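Colleague: One structure coming up, written as structure tokens, with questions to follow.
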Amino acid sequence: VPEHVWRINVDPPEEAQQNLSFGAAERWWEQADLTKLILASNQLQSLSEDVQLLPALTTLDVHDNQLTALPSALGQLENLQKLDVSHNKLRSLPEELLQLPRLRSLLLQHNELSLLPEGLGQLLTLEELDVSNNHLTAIPSSFALLVNLVRLNVSCNQLRELPADLSAMKSLRQLDCTKNYLETVPAKLATMASLEQLYLRKNKLRSLPEFPSCKLLKELHAGENQIEVLNAENLKELSSLCVLELRDNKIKAVPEEITVLQKLERLDLANNDISRLPYTLGNLPQLKFLALEGNPLRTIRRDLLQKGTQELLKYLRSKIQDDGPGPGEEPPGTAMTLPSQSKVNIHAITTLKLLEYSDKQAAVIPDAVFDAVGSSPVSTVNFSKNQLTELPPRLVELKDSVCDVSLGFNKISSISSELCVLHKLTHLDLRNNILTALPEEMVALKRLQTINLAFNRFKVFPSVLYQLAALETILLSNNQVGSIDPVQLKGMDRLGTLDLQNNDLLQVPPELGNCENLRSLLLEGNPFRTPRAAVLAKGTAALLEYLRSRIPT
């Protein structure tokens, strides 16, 4: 920094030497002291102690330089309100910095700080503190003293826990803890009554905290964690919540109580393990954005998901009515009564393109069920939870329209090749049957994206699956599969989820690590010795990396 910059308040300006007439337009003797100094995006390696010659500074911005340290003279800038030293190479902060009586904004992001001085809590006037993208492993408990802090960003560090004392920050409205190693959030944090935005993305959380006092919380971002359960308790107090982002977790169910979130505008549940949704979601009055892709949803067709939020909500609302007549109501007149007193919902066939005859313990599907279809194009068939021992032969009549077939929880022991004429099939659910093999003719199902074969009796991985290039999800847990072919799996470019839990795999081929498209590889509950449980627990990316490291060179 040129010397005369530091001395700008001290030395008389050059024009004072030449022009002494009092009529001069430049009335240099009325010059005010410098209040803002911006030296950003240069190549400064140090700042001079002469910065103390600028005591009127309110803003000092030196971001994006090469600074490795700050001058202790900064402590003398009593009027300083904003200090931006982000994007430098600072490893520590001078103690004197902690004496600045009027500092409101301190920006330290993108440096090389591995710890923060305990005395940071002395900066009582601080309203904004950003320490993101450093190497911090802990937060000083003195942060609790920062009672005027409104925004705190500690994202992209190496924090394993947050001090419970943070809850004393009574003014905090925005807390960003994205991309750390947090496994839990202290319960006391949930008492922060002013909190409006909380970012917990990309951590290792297994559950959400309860929020008894966060009546003002508007945004909760907790995607890319390992959250398995969403409880009513987590949600019931969040009356102001507008954004709930939980994508890329392991959530299996959404509680009916989600409808207490009457102000919710955005709900992101993409890439979880949700198989069914409460239809009451359709009644959330403000909901404008609902993301559900990447879930094994049983009741909602893939093409419906792609039609956008409003269509989806309309569908969910329609299902609330479809859930059947309540006590004292007349059954809808459109239901055809069959000899067995079971009903075919004609409305479902015509409006929702759904043919459902499930949970009837039937050994065969009555012809009247297929007759009811008439010329309506049916896209979803649900014959689950019966006593079927084979595919219903008349299923082939629906070959030009059906994309989603559910035959789970039956007693089917083999699949006839007639299934293979259902050329539009994208989702096939055959879980909880007694299958041991799949016919090679299934190679004709070129559009098949999801197949659920869990809880059957497969001893070998069905080889026809390797040839189905469109497959995105293979669920094969709870069988007796003994081996897999990693080379053929690598050729399945679209495969994102492979569930082989609770099988008989004695070894995991290291080459499986080359299947880099896999977003979810589940291998728990097999008898192999390596990789150990600790490696499996780290998630798919770490598991694939471990396997690659063991490929013999």
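Colleague: Can you give me the number of residues within segment 366-389 that are surrounded by fewer than 21 Cβ atoms within 10 Å (Cβ to Cβ) and more than 12 Å from ALA348 (Cα to Cα)?
Modeller: 11
Colleague: Hey, can you tell me all the residues within segment 230-252 that are within 16 Å of SER275 (Cα to Cα) and at pLDDT 90 or above?
Modeller: LEU246, ARG247, ASP248, ASN249, LYS250, ILE251, LYS252
Colleague: Tell me, yes or no, whether segment 224-239 has at least one residue that is among the β-branched types (Val, Ile, Thr), more than 20 Å from VAL260 (Cα to Cα) and touching a strand residue (DSSP E or B) at 6+ places or on another chain (Cβ under 9 Å).
Modeller: Among the residues of segment 224-239, at least one is among the β-branched types (Val, Ile, Thr), more than 20 Å from VAL260 (Cα to Cα) and touching a strand residue (DSSP E or B) at 6+ places or on another chain (Cβ under 9 Å), which makes the answer yes.
Colleague: Let me ask something else. Going by what's in this entry, would GLU196 be described as open to solvent by 10 Å² or more (accessible area, probe 1.4 Å) and either without any contact (Cβ under 8 Å) to a residue 12 or more places away in the chain or on the phi > 0 side of the Ramachandran plot (or both)?
Modeller: So GLU196 does not fit the description; no.
Colleague: Here are PHE461, PHE455: which of them is of a type in the set (Phe, Trp, Tyr), at pLDDT 95 or above and over 22 Å from LEU352 (Cβ atoms)?
Modeller: PHE461
Colleague: Also, I was wondering about something else. Please work out if VAL396 is touching a residue at least 24 places away in the same chain (Cβ under 8 Å) and touching a Pro at 6+ places or on another chain (Cβ under 9 Å).
Modeller: no
Colleague: Determine whether segment 38-48 contains at least one residue that is modelled with pLDDT of 95 or more, under 17 Å from SER105 (Cα atoms) and open to solvent by 70 Å² or more (accessible area, probe 1.4 Å).
Modeller: So far as segment 38-48 goes, yes, one or more of its residues are modelled with pLDDT of 95 or more, under 17 Å from SER105 (Cα atoms) and open to solvent by 70 Å² or more (accessible area, probe 1.4 Å).
Colleague: Given the condition farther than 30 Å from VAL421 by Cβ and either in contact with a His (Cβ under 6 Å, 6 or more places away or on another chain) or not in a helix (DSSP H, G or I) (or both), answer yes or no: does some residue in segment 483-495 qualify?
Modeller: Yes.
Colleague: Further, regarding this structure: Does at least one position in segment 429-437 carry a residue that is open to solvent by less than 20 Å² (accessible area, probe 1.4 Å) and either under 23 Å from ASP400 (Cβ atoms) or part of a helix (DSSP H, G or I) (or both)?
Modeller: Within segment 429-437 (the criterion being open to solvent by less than 20 Å² (accessible area, probe 1.4 Å) and either under 23 Å from ASP400 (Cβ atoms) or part of a helix (DSSP H, G or I) (or both)), the answer is yes, since at least one residue qualifies.
The values are calculated or read from the model by the stated rules, or taken from the named source; none is laboratory data. Everything quoted here is computed from the prediction, not taken from an experiment. All Cβ positions, glycine included, derive from the backbone under ideal geometry; neighbour counts span all protein chains shown. Just so you know, the surface numbers come from the protein's heavy atoms only, side chains and all, with ligands and any DNA or RNA stripped out. Shrake-Rupley method; radii C 1.70, N 1.55, O 1.52, S 1.80 Å.
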